[in-house]
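Visitor: Quick one: structure below, then a few questions.
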Amino acid sequence: MKAKNTLYYQVMLKLKQKIQDGEYPVDSKLPTEGELQDEFGVSRVTLRKAINQLATEGLIEKIQGNGSYVRKPEKVKKLLRLNSVEGFSYTAKKNGFLPSSKIINFAQIIPSRRIQNIFRLNSSTCLNIKRVLFLDEQPVIVDDSYILAPFYEFLQKSDIEISLYEALKRNPLIKKLSPQETLVSATEADKELSDLLAKPFGCSLLNIDNVLKNQDGKIVQCSEEFVDPDVYQIRIR
């Protein structure tokens, strides 16, 4: 039997039509499997096969434990950062994107116990800079950075509106920035991250922990990045 004549294919076409007609808008959650089974009068196996086909075509995203969400049908262009110290703005412009950022926090703080443990810091005061980074007005990264003394002493909020990396390089104590270590892991979006990145709660994100040092081997910056993997990739070398 040809695929076009199968029941799952007919269900898939009906779901696709509802998406194209706007009945299920982009970023909206599809009805539950039970509701869709009742609507189309099919088994769970048939329904799941139809949904899997839509996921393969990029029309929906399945999030384990949280249902299926409608996505834009076109494939998203991905931005590739070549290493962990290449500036976000530089990389974005090089790849034809318009970068921008929104500063969430800019304040001297004592790092939380969790941050101290992640980056093996002491309880000394540092400058916390938390930003949302955008590509063509689309949020792609939540960057939570901690600049250690004495490297933040002359850093102003206006300095980082374009590029934190370039602002740090202007510090006379920093002639070179290089990674001390980078840890990449998978995580899920909590309420704050889902709001900041305009992504569904519980969706998959990359969690990138960076430690950067200067030419003398002194730690300059520790950062946690929460990255939308649908748009942004990182290659570490």
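Throughout, read-outs are computed from the coordinates displayed, never taken from laboratory work. Just so it is clear, the model here is predicted, and its values are computed rather than measured. Note that we place each Cβ from the backbone using ideal geometry, even for glycine, and neighbour counts take in every protein chain shown.
Visitor: Whose amide H sits under 5 Å from the amide H of SER28, counting only residues 5 or more places off or on another chain, with H placed in the peptide plane?
Guide: Counting only residues 5 or more places away or on other chains, the set is VAL70.
Visitor: Based on the mean of other Cβ atoms within 10 Å per residue, sort peptides 172-183, 137-148 so the most packed one is first.
Guide: 137-148, 172-183
Visitor: Could I ask something else about it? Would you mind counting up the charge near ASP144? Only other residues with Cβ under 12 Å from its Cβ, with Lys and Arg at +1 and Asp and Glu at -1.
Guide: Working: positive: ARG114, LYS130, ARG131; negative: ASP143, GLU192, ASP209, GLU224, GLU225.
Taking every other residue near ASP144 into account, the sum is -2.
Visitor: With the chain treated as a Gaussian network of Cα nodes joined by springs under 10 Å, which of ASN128, ASN210, ASN171 yields the largest mean-square fluctuation?
Guide: Checking each option, the largest mean-square fluctuation is seen for ASN171.
Visitor: Find how many whole Å separate the alpha carbon centroid of region 137-152 from the alpha carbon centroid of region 171-237.
Guide: Value for the Cα centre distance between the two parts: 9 Å.
Visitor: Students often get this wrong, so check it: of LYS16/LYS72; LYS102/LYS175; LYS16/LYS49; LYS18/LYS49; LYS29/LYS102; LYS130/LYS199, which have C-alpha atoms separated by over 21 Å?
Guide: Working: LYS16/LYS72 12 Å; LYS102/LYS175 27 Å; LYS16/LYS49 13 Å; LYS18/LYS49 17 Å; LYS29/LYS102 27 Å; LYS130/LYS199 18 Å.
LYS102/LYS175; LYS29/LYS102, as the Cα separations exceed 21 Å there.
Visitor: Run the helix sum for the chain: -39,500 (n - 2.57) per DSSP H stretch of 4+ residues, divided by residue count, reported at 222 nm to the nearest 500 deg cm²/dmol.
Guide: On the way: 7 runs with 62 residues, N = 237.
That calculation yields -7500 deg cm²/dmol at 222 nm.
Visitor: If amide H atoms are built 1.01 Å from N in the plane of the peptide, which residues on other chains or at least 5 residues away come under 5 Å of the amide H of ILE104?
Guide: For ILE104, the qualifying residues are LYS130, ARG131, VAL132.
Visitor: A further question on this structure: Extension gain ARG170-ASN117, at 0.36 nm per residue separation less the Cα-Cα distance, in nm?
Guide: 16.2 nm
Visitor: With the chain treated as a Gaussian network of Cα nodes joined by springs under 10 Å, which of GLY67, GLY87, GLY34 yields the largest mean-square fluctuation?
Guide: GLY34
Visitor: So which aspartates and glutamates can LYS176 reach, going by Cα to Cα under 17 Å and dropping same-chain residues fewer than 8 places off?
Guide: Partners within reach: GLU86, GLU166, ASP216.
Visitor: To continue, here is another question. Would you mind checking which residues have amide H under 5 Å from PHE151's amide H? H placed 1.01 Å from N; only 5 or more apart, or other chain.
Guide: When sequence neighbours closer than 5 places are left aside, there are no close amide H contacts.
Visitor: Taking the Cα centre of the chain as the origin, how large is its charge dipole in debye, to the nearest 20, when only Lys and Arg (+1) and Asp and Glu (-1) carry charge on their Cβ atoms? Show your work: numbers first, answer last.
Guide: Numbers: 35 positive and 30 negative charges, 158 e Å.
Roughly 760 debye, rounded to the nearest 20.
Visitor: Moving to a separate point now. Which three lengths, in whole Å and largest first, does the chain cover when its Cα atoms are put on their principal axes?
Guide: Its Cα atoms span 70, 37, 30 Å along the three principal axes.
Visitor: Using each residue's phi in region 112-119, evaluate 6.51 cos²θ - 1.76 cosθ + 1.60 at θ = phi - 60° and report the 3J(HN,Hα) Karplus result to the nearest Hz, with x for Gly and Pro.
Guide: 5, 4, 4, 5, 4, 5, 4, 9
Visitor: Here's a follow-up. For region 3-70, what is the convex hull volume of the alpha-carbon atoms per residue, in Å³?
Guide: On the way: hull volume 5.6 nm³, N = 68.
Normalising the Cα hull of region 3-70 by residue number yields 82 Å³.
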